[in-house]
1. Kindly provide the set of residues from region 117-131 that are of a type in the set (Lys, Arg) and modelled with pLDDT under 80, ordered by number.
2. For region 60-87, name all the residues that are over 21 Å from ALA26 (Cα atoms), part of a loop (DSSP other than H, G, I, E, B) and modelled with pLDDT of 90 or more.
3. So in region 21-65, with the set limited to residues that are surrounded by fewer than 18 Cβ atoms within 10 Å (Cβ to Cβ) and among the aromatic types (Phe, Trp, Tyr), which one is nearest to ARG122 (Cα to Cα)?
4. From ARG139, ARG90, grab the single residue that is in contact with a His (Cβ under 9 Å, 6 or more places away or on another chain) and not in a helix (DSSP H, G or I).
5. For GLY225, which of the numbered conditions (1) modelled with pLDDT under 80; (2) under 16 Å from the mean Cα position of the chain (by Cα) fails to hold?
6. Considering ARG77, ARG150, which residue is under 26 Å from ALA204 (Cα atoms), free of Cβ contacts under 8 Å to residues at least 24 places away in the same chain and not hydrophobic (A, V, I, L, M, F, W, C)?
7. Going by what's in this entry, would LEU203 be described as surrounded by 17 or more Cβ atoms within 10 Å (Cβ to Cβ) and either part of a loop (DSSP other than H, G, I, E, B) or at pLDDT 80 or above (or both)?
Amino acid sequence: MQHYERVEKVRLLVVDDDPPIADLVATVARYEGWEAVTANSGEEALRKAAGFRPDIVVLDLMLPDVDGFGVLDRLRRSGTMVPVVFLTARDGVADRVAGLTRGGDDYLVKPFAVEELMARLRTVLRRSAGPSFQRSVLRVADLTMDEDTREVRRGGSPLTLTPTEYEVLRYLMRKSPTVLTKAQILDHVWEYGFGGRSNVVELAVSRLRRKLDETGAGGADDAGGAGRPPLIHTVRGFGYVIRQAAE
């Protein structure tokens, strides 16, 4: 029977007066398994912060009503010490100093790489010791994935995966026991760059199966020449699922 272990979802509030930017950050966070809501003004941000109770906030400085510093001041006066990461086009030293001395936890300047932003958010969450980010481990049967260290082990033995193999496996483990189509995996891991080439998914899954199922000791007790019970299964006509085989 498969076991899937995750910590409570991180709740992220993204505040930016440019809706496409706010939506992009929120979408990437949801792919990470977080809950995310957006706000496009300071007043909207304060209302949503009160109801949503985020674990962390991404906050623009240039908002149409209350600016980011004002939002932070009001959050702090309300008694919340939620971590805040500024994301803004204002790159002056004075702005950086003000953002950090007034209670912000980090400061990232636009244009930005969303991967860097997510890495900074994880770092701030770990530093603030938020209750929902103390551990991030996925588990299916005897397969574990530590999302912080990116270590993958089967039966205690470490596995060496390429970045693409890692992302495919992480997506399957996060969604277990849901069956995922090739199109879903393609869209999540490769996004739009491969234009429906589902064969890249088949190749990645094939490589993953070999690495997950081989014993490392020359075992050959199933049709694939591997020594462990298979975890990735093909559901014909639908796609792939990762789970322990029914006994």
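The values are calculated or read from the model by the stated rules, or taken from the named source; none is laboratory data. Because the structure is predicted, anything quoted here is derived from the model rather than measured. Counting neighbours? That spans all protein chains shown, and the Cβs are built from the backbone with ideal geometry, glycine included.
1. Result: ARG126, ARG127.
2. Of everything in region 60-87, those that are over 21 Å from ALA26 (Cα atoms), part of a loop (DSSP other than H, G, I, E, B) and modelled with pLDDT of 90 or more turn out to be ASP65, VAL66.
3. Per the stated criteria, the residue is TYR31.
4. Sole residue among the options that is in contact with a His (Cβ under 9 Å, 6 or more places away or on another chain) and not in a helix (DSSP H, G or I): ARG139.
5. (2)
6. ARG150
7. no
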